[in-house]
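The values are calculated or read from the model by the stated rules, or taken from the named source; none is laboratory data. What you see is a predicted model, and the numbers here were worked out from it, not measured in a lab. Neighbour counts are summed over all protein chains in view; Cβ atoms, including those assigned to glycine, are modelled from backbone coordinates with ideal geometry.
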Amino acid sequence: MTYPKPALVLLTDGELARLAEWAGDPSAGPLAVRARIVLACAAGPPGRPVGRPVSSVAAELGLSRDTVRKWRSRFLAMRLAGLRDAPRPGAPGTITDEQVAGVIARLLLEAPPAGQTALFNSWEDAVECSKCGGRMVRTGSCYTCRDCGQNTGCS
């Protein structure tokens, strides 16, 4: 069975500059990987863009072919905007960024209430491990024992 040839990834000078900037930025995270995918898909001899097969791009970058196909097609459909994270499903947040920043600032700048020096009034107030009797520390939405690793049943 013969499949149609995929469309070439042709970049404008502005897109090439932006993708190169994202690809070289270690703080860009997933956006840097997506930029490298598009740049690799568009690579070809100077003046004669021929593109590259998805399988060779995937092998070069250590990614799956499906990942390369996904970001290549999203770029072709939406250009640079297609490489950004899509909005997440679910209800919008109820706490604003300003509220979060205020709480963090208060925790860092204000002195704790009288008699309280840490997260607990004393080490004895910490949750006790049911397995070994050690003290548990908060890890996300649950507690984990520092001695044996037992947790409080997080999902």
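SER141 falls short of the stated requirement of being at pLDDT 75 or above, of a type outside the set (A, V, I, L, M) and surrounded by fewer than 15 Cβ atoms within 10 Å (Cβ to Cβ). Applying a threshold of 7 Å to beta carbon distances and a minimum spacing of six or more residues, or different chains, the list of pairs starting in the stretch 72-86 at a residue that is closer than 21 Å to PRO53 by Cβ and ending at one that is in a loop (DSSP other than H, G, I, E, B) reads ARG72/VAL9; PHE75/VAL9; LEU76/ALA7; LEU76/VAL9. Going through (1) in contact with a Gly (Cβ under 8 Å, 6 or more places away or on another chain); (2) part of a helix (DSSP H, G or I) one by one, SER55 falls short only on (1).
Which count do you get for residues in the stretch 17-38 that are part of a helix (DSSP H, G or I) and either in contact (Cβ under 8 Å) with a residue 12 or more places away in the chain or of a type in the set (D, E, K, R) (or both)? Residues flagged as part of a helix (DSSP H, G or I) and either in contact (Cβ under 8 Å) with a residue 12 or more places away in the chain or of a type in the set (D, E, K, R) (or both) within the stretch 17-38 amount to 14. When ASP85 is tested against the conditions (1) closer than 22 Å to PRO4 by Cβ; (2) of a type outside the set (Phe, Trp, Tyr); (3) in a loop (DSSP other than H, G, I, E, B), the lone failure is (1). Considered as a group, the residues in the stretch 13-40 that are at pLDDT below 90 and not small (Gly, Ala, Ser) include one that is surrounded by the fewest Cβ atoms within 10 Å (Cβ to Cβ), and that residue is PRO26.
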